[in-house]
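S.K.: There's a structure below that I have some questions on.
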Amino acid sequence: MSFIKVSDDRPTQAPKDVQINSLDELSTLFDSLNYNTKSWQEGNREVPRLTFDSVSERWQETSNKIPVQQKKMVFFRLLAPLILMANENILLERRLIESAPLDDIVLLNIAVKYRMIKSVDQPITEQQRQQLLEEIDILPPSLVLVQAAEESGWATSRFTIEGNAFFGQWDFSGNGMIPKQQRKELGNYGLARFDTPLASVEGYMLNLNTNNAYKKLRSLRASLRASNAPITGMELAGTLDKYSERGQAYIDGIRQMISYNKLDQVDEAYLSDAAPLRLVPRASP
């Protein structure tokens with residue numbers, strides 16, 4: 001079993017804008033949605049469909065002045081819906097892969113997206129369909145939350161503020177954000193920028209689901225799914241020795257963060273069927 005499911009009652013309407021201009025207002029919204037510590041401790045794992053367009057520079061300043069636990073709570077509560085929505089889209093892709101004819105154009109576009117084929121000019125084979133199902137699957141929210149926190153400095157890094165970059169993905173196209181200390185031996189690289197935080201989460205998942213460096217992760221995940229075992233962050237973290245030059249030390253750190261923050265519980269979370277909300281800053285008078 002994987003805890004994340006696709007609800008047939010999920011909403012399809014565009015998000016409704018909700019103006020939020022302070023952490024107090026955000027906290028009040030969380031309470032109104034029953035999305036708070038008390039509810040979580042009582043066993044409620046429902047997560048509202050919240051999105052936002054960017055991280056404000058104010059967060060850099062504010063996050064240094066509030067208690068660490070509050071900073072973590074805000075970060076985890078805002079990122080978790082994006083992770084669950086990205087996983088939901090992946091599960092919808094899996095549904096289509098399982099059932100579509102091999103020459104279906106939507107299936108072929110998915111195969112191109114995941115670099116299984118180069119163009120949609122010819123149908124895929126049954127073997128390629130099975131390979132797609134191994135490559136395309138969810139990432140446990142606990143793992144994604146911790147990597148996002150680690151790579152973005154709790155959403156305070158310059159790259160997160162400037163380009164919604166939560167995962168430190170490299171970009172060799174020439175369009176990336178240039179680090180202050182670029183390592184010339186690695187070529188002309190920058191940090192990939194994204195239109196929204198959700199796009200950053202989706203880009204990270206596409207990276208882990210396609211990059212050769214993470215074959216071990218995909219293989220372990222496929223075996224967990226085949227044996228009906230939970231797909232957890234603790235399990236998959238052990239395959240990320242190539243995500244950072246720190247290797248095993250990075251893996252140990254990721255596992256420690258999952259454990260310390262009790263994020264294994266987030267692997268049981270699921271999306272609400274209530275209408276989606278988009279958090280927007282209140283316009284200045």
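The values are calculated or read from the model by the stated rules, or taken from the named source; none is laboratory data. Worth saying up front: this structure is predicted, and the values here are computed from it rather than measured. All Cβ positions, even for glycine, are placed from backbone atoms using ideal geometry, and neighbour counts span all protein chains on display.
Yes/no per residue for (1) surrounded by fewer than 19 Cβ atoms within 10 Å (Cβ to Cβ); (2) under 18 Å from ARG49 (Cα atoms); (3) within 18 Å of the chain's Cα centre (by Cα):
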| position | (1), (2), (3) |
| --- | --- |
| GLU245 | yes, no, no |
| TYR250 | yes, no, no |
| GLY253 | yes, no, no |
| SER259 | yes, no, no |
| ALA269 | no, yes, yes |
| ALA275 | yes, yes, no |
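S.K.: Quick test for you: out of LEU240, LEU206, pick the one residue that is among the hydrophobic types (A, V, I, L, M, F, W, C) and not in a loop (DSSP other than H, G, I, E, B).
M.R.: Numbers: LEU240 fails: not in a loop (DSSP other than H, G, I, E, B).
Going through LEU240, LEU206 in turn, the sole match is LEU206.
S.K.: How many of the residues making up segment 233-285 are under 14 Å from LEU145 (Cα atoms) and charged (D, E, K, R)?
M.R.: Selection size over segment 233-285: 5.
S.K.: In segment 113-129, which residues are free of Cβ contacts under 8 Å to residues at least 12 places away in the same chain and either surrounded by 13 or more Cβ atoms within 10 Å (Cβ to Cβ) or in contact with a Ser or Thr (Cβ under 6 Å, 6 or more places away or on another chain) (or both)?
M.R.: The one that is free of Cβ contacts under 8 Å to residues at least 12 places away in the same chain and either surrounded by 13 or more Cβ atoms within 10 Å (Cβ to Cβ) or in contact with a Ser or Thr (Cβ under 6 Å, 6 or more places away or on another chain) (or both): ILE117.
S.K.: What's the number of the condition ILE83 fails, among (1) surrounded by 19 or more Cβ atoms within 10 Å (Cβ to Cβ); (2) more than 16 Å from ALA155 (Cβ to Cβ)?
M.R.: Among (1) surrounded by 19 or more Cβ atoms within 10 Å (Cβ to Cβ); (2) more than 16 Å from ALA155 (Cβ to Cβ), the lone unmet condition for ILE83 is (2).
S.K.: Which count do you get for residues in segment 122-139 that are assigned to a loop (DSSP other than H, G, I, E, B) and either acidic (Asp, Glu) or in contact with a strand residue (DSSP E or B) (Cβ under 7 Å, 6 or more places away or on another chain) (or both)? So that I can check it myself, show each step before the final result.
M.R.: As a first pass, look at segment 122-139 and keep what is assigned to a loop (DSSP other than H, G, I, E, B): 122-125, 136-139.
Subset that is either acidic (Asp, Glu) or in contact with a strand residue (DSSP E or B) (Cβ under 7 Å, 6 or more places away or on another chain) (or both): 137.
Residues flagged as assigned to a loop (DSSP other than H, G, I, E, B) and either acidic (Asp, Glu) or in contact with a strand residue (DSSP E or B) (Cβ under 7 Å, 6 or more places away or on another chain) (or both) within segment 122-139 amount to 1.
S.K.: Still on this model: So is LEU217 of a type outside the set (Phe, Trp, Tyr), touching a Ser or Thr at 6+ places or on another chain (Cβ under 6 Å) and not in a loop (DSSP other than H, G, I, E, B) or not?
M.R.: On the way: of a type outside the set (Phe, Trp, Tyr): yes; touching a Ser or Thr at 6+ places or on another chain (Cβ under 6 Å): yes; not in a loop (DSSP other than H, G, I, E, B): yes.
Yes; evaluated as a whole, the condition is true for this residue.
S.K.: Kindly check whether there is at least one residue in segment 26-36 that is modelled with pLDDT under 95 and surrounded by fewer than 15 Cβ atoms within 10 Å (Cβ to Cβ).
M.R.: Among the residues of segment 26-36, not one is modelled with pLDDT under 95 and surrounded by fewer than 15 Cβ atoms within 10 Å (Cβ to Cβ), which makes the answer no.
S.K.: Same structure again: Do the conditions hold for ASN228, that is, is it exposed (fewer than 15 other Cβ atoms within 10 Å of the Cβ), over 19 Å from TYR114 (Cβ atoms), polar (S, T, N, Q) and modelled with pLDDT under 95?
M.R.: Working: exposed (fewer than 15 other Cβ atoms within 10 Å of the Cβ): yes; over 19 Å from TYR114 (Cβ atoms): yes; polar (S, T, N, Q): yes; modelled with pLDDT under 95: yes.
The answer is yes for ASN228.
S.K.: When both residues are 6+ apart or on different chains and their Cβ atoms are under 6 Å apart, which pairs have a first residue that lies in segment 142-169 and is more than 16 Å from LYS71 (Cβ to Cβ) and at pLDDT 95 or above, and a second that is β-branched (Val, Ile, Thr) and surrounded by 19 or more Cβ atoms within 10 Å (Cβ to Cβ)?
M.R.: Once the first residue is more than 16 Å from LYS71 (Cβ to Cβ) and at pLDDT 95 or above and sits in segment 142-169, its partners that are β-branched (Val, Ile, Thr) and surrounded by 19 or more Cβ atoms within 10 Å (Cβ to Cβ) give SER142/ILE258; SER142/VAL266; VAL144/ILE83.
S.K.: Let me ask you something else. For segment 200-211, check the following and say yes or no: at least one residue is over 15 Å from ILE138 (Cβ atoms) and of a type in the set (Phe, Trp, Tyr).
M.R.: Checked against the condition, which is being over 15 Å from ILE138 (Cβ atoms) and of a type in the set (Phe, Trp, Tyr), segment 200-211 yields no hits at all.
S.K.: Taking the condition crowded, with 20+ Cβ neighbours inside 10 Å and either over 20 Å from THR232 (Cβ atoms) or not charged (D, E, K, R) (or both), does VAL106 pass? Don't jump to the end; show me each part of the working.
M.R.: Numbers: crowded, with 20+ Cβ neighbours inside 10 Å: no; either over 20 Å from THR232 (Cβ atoms) or not charged (D, E, K, R) (or both): yes.
When the stated conditions are applied, VAL106 does not pass them.
S.K.: Which one is nearest to VAL55 (Cα to Cα), of the residues in segment 67-121 that are among the polar types (S, T, N, Q) and assigned to a helix (DSSP H, G or I)?
M.R.: So the first thing to find is which residues in segment 67-121 are among the polar types (S, T, N, Q), and the list is 69-70, 87, 89, 99, 109, 119.
Imposing the further condition that a residue be assigned to a helix (DSSP H, G or I) reduces the set to 69-70, 87, 89, 99, 109.
Details: GLN69: 19, GLN70: 16, ASN87: 22, ASN89: 23, SER99: 39, ASN109: 32 Å.
My answer is GLN70.
S.K.: If you go through segment 45-66 one residue at a time, how many are in a helix (DSSP H, G or I), within 18 Å of PHE159 (Cβ to Cβ) and not charged (D, E, K, R)? Step through it out loud before you land on a result.
M.R.: Restricting attention to segment 45-66, the residues satisfying the condition of being in a helix (DSSP H, G or I) are 57-63.
After this cut, where a residue has to be within 18 Å of PHE159 (Cβ to Cβ) as well, the list is 57-61, 63.
Remaining after also requiring not charged (D, E, K, R): 59-60, 63.
Counting residues in segment 45-66 that are in a helix (DSSP H, G or I), within 18 Å of PHE159 (Cβ to Cβ) and not charged (D, E, K, R) gives 3.
S.K.: Being in contact with a Ser or Thr (Cβ under 8 Å, 6 or more places away or on another chain) and not in a helix (DSSP H, G or I) is the filter; apply it to segment 249-280 and report the residue that is farthest from MET85 (Cα to Cα).
M.R.: Filtering first and then ranking leaves LEU279.
S.K.: For segment 201-220, which positions are under 20 Å from ALA80 (Cβ atoms) and in contact (Cβ under 8 Å) with a residue 40 or more places away in the chain? Spell out how you get there, then give the answer.
M.R.: At the first step, the residues of segment 201-220 found to be under 20 Å from ALA80 (Cβ atoms) are 201-209.
Correct list: VAL201, GLU202, TYR204, MET205, LEU206, ASN207, LEU208, ASN209.
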